[in-house]
1. Using each residue's phi in segment 34-43, evaluate 6.51 cos²θ - 1.76 cosθ + 1.60 at θ = phi - 60° and report the 3J(HN,Hα) Karplus result to the nearest Hz, with x for Gly and Pro.
2. In Å², and per residue, what accessible area does the chain have when probed at 1.4 Å with the other protein chains present?
3. In whole percent, and with a 1.4 Å probe on the protein chains, what portion of the accessible area of the chain is carbon and sulfur?
4. Name the GluC sites (Glu not before Pro) in segment 1-73 that are in a loop by DSSP and that have at most 16 other C-beta atoms within 10 Å, would you?
5. Distance check, please: which entries in Lys13/Lys199; Lys82/Lys135; Lys13/Lys86; Lys18/Lys40; Lys55/Lys139; Lys33/Lys139 exceed 27 angstrom between their Cα atoms?
6. Which shape class applies to segment 133-205: rounded if a/c is under 1.5, otherwise prolate when a/b exceeds b/c and oblate if not, where a ≥ b ≥ c are the square roots of the Cα gyration tensor eigenvalues?
7. What is the helix-to-structure angle for 247-262, meaning the angle in degrees between its Cα long axis and the longest Cα principal axis of the chain, kept from 0 to 90 and rounded to the nearest 10?
8. For Ser88, Ser104, what's the largest-to-smallest order of accessible area, 1.4 Å probe?
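The values are calculated or read from the model by the stated rules, or taken from the named source; none is laboratory data. Source: prediction; values computed, not measured. In this analysis, Cβ positions are derived from the backbone assuming ideal geometry, glycine residues included, and neighbour counts consider all displayed protein chains. Protein only, heavy atoms only, side chains kept; ligands, DNA and RNA dropped before computing areas. Shrake-Rupley method; radii C 1.70, N 1.55, O 1.52, S 1.80 Å.
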Amino acid sequence: MLQINDVMAVVYKGIAAKIGEYGFAPVFPEGVKVNEVPLKERDGGACFIDYAGSKGKLRLLYSEGKIFLLLGDENASEDDDKAFSKLSTSLMLLDEYDDRDVKSVTNEIIDTLDDNFGVKELALKNNKLPATVSKAAVKGGVMSYDPATLAARIVMIYPELKADLKENYAAYGEFLPEDFFVNHANAYIMETIRQNEPKAMRRLFNQFTDIFENGTNEVQNLIAVTILGSIRNDPAIMKEIIPYLSDSMVEPVIEVNKLLEKSKSARDRLENPPKYKPKKKKNFAAKALGQ
């Protein structure tokens, strides 16, 4: 069984060079020497490491079987994680995982740092991205891929979409997948499909397959309806994509395209998703009553 202090020490050392590259430095609690891991413990087995820099404050947090990378401004409270936004979430099951999983999580955090700070310097607000589900989390069988993870994978293929993803998240305070795909990403995806270059098609549909096979119902609908439904049952394009679809994707993609070809109202709803409505905050009485 892994010990969380050892795990955090490995991650701390593994990301040290990248943390320094992007202008952050560890914050050492009183009494902790510079050659030691600056780990602060909390009740309930949680612990964290803080980093400070000109771009704000980073927090590497372990809590309830997960490791989070958080970003806040320079004045973010040490005692309040809600003052931070989540950059990444990775499952860390101490009684099931081994050293290879710790290395995998370390690499995912490095990728997250590159994604948020490596392309270009942006204002703190624009550095926010929706939290994604890691491969390690899916491997553990506890979490499934979600729409935000699909969007992040698509941005890896089409880096030009990164600004659109950040703007989507910044504008609404949460990720709206229909807005991102219908108004931005689908155009890039359809261009790849029309060109039908085998290497590019495999790269794109390998991502679709992985997310679809290991994703939530919501993300499966996003792939089959919102994205591939935009083919509108064009026979030439359908013929091109069929060889790249996994067995479980073939039937829903074909049926969705048939429906959208026949139903103008369904096409209109897909092309014009409902306007965003902020979620209503429940008062204490409503929460208590489960309403």
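1. Ordered by residue, 3J(HN,Hα) equals 5, 8, 10, 7, x, 8, 10, 9, 10, 5 Hz.
2. Details: 15950 Å² over 291 residues.
Normalised by residue count, the accessible surface of the chain is 55 Å².
3. Values: 7940 of 15950 Å².
Carbon and sulfur atoms account for 50 percent of the accessible area of the chain.
4. Working: sites: Glu21, Glu30, Glu36, Glu41, Glu64; in loops: Glu30, Glu36, Glu64.
Passing both the DSSP loop test and the Cβ count: Glu30, Glu36, Glu64.
5. Values: Lys13/Lys199 36 Å; Lys82/Lys135 25 Å; Lys13/Lys86 21 Å; Lys18/Lys40 21 Å; Lys55/Lys139 33 Å; Lys33/Lys139 36 Å.
Listed pairs above 27 Å: Lys13/Lys199; Lys55/Lys139; Lys33/Lys139.
6. On the way: a/c = 2.43, a/b = 1.14, b/c = 2.13.
Taking the square roots of the gyration eigenvalues as a ≥ b ≥ c, segment 133-205 is oblate.
7. So the helix axis and the longest Cα principal axis differ by about 50 degrees.
8. Values: Ser88 10, Ser104 45 Å².
In descending accessible area the options line up as Ser104, Ser88.
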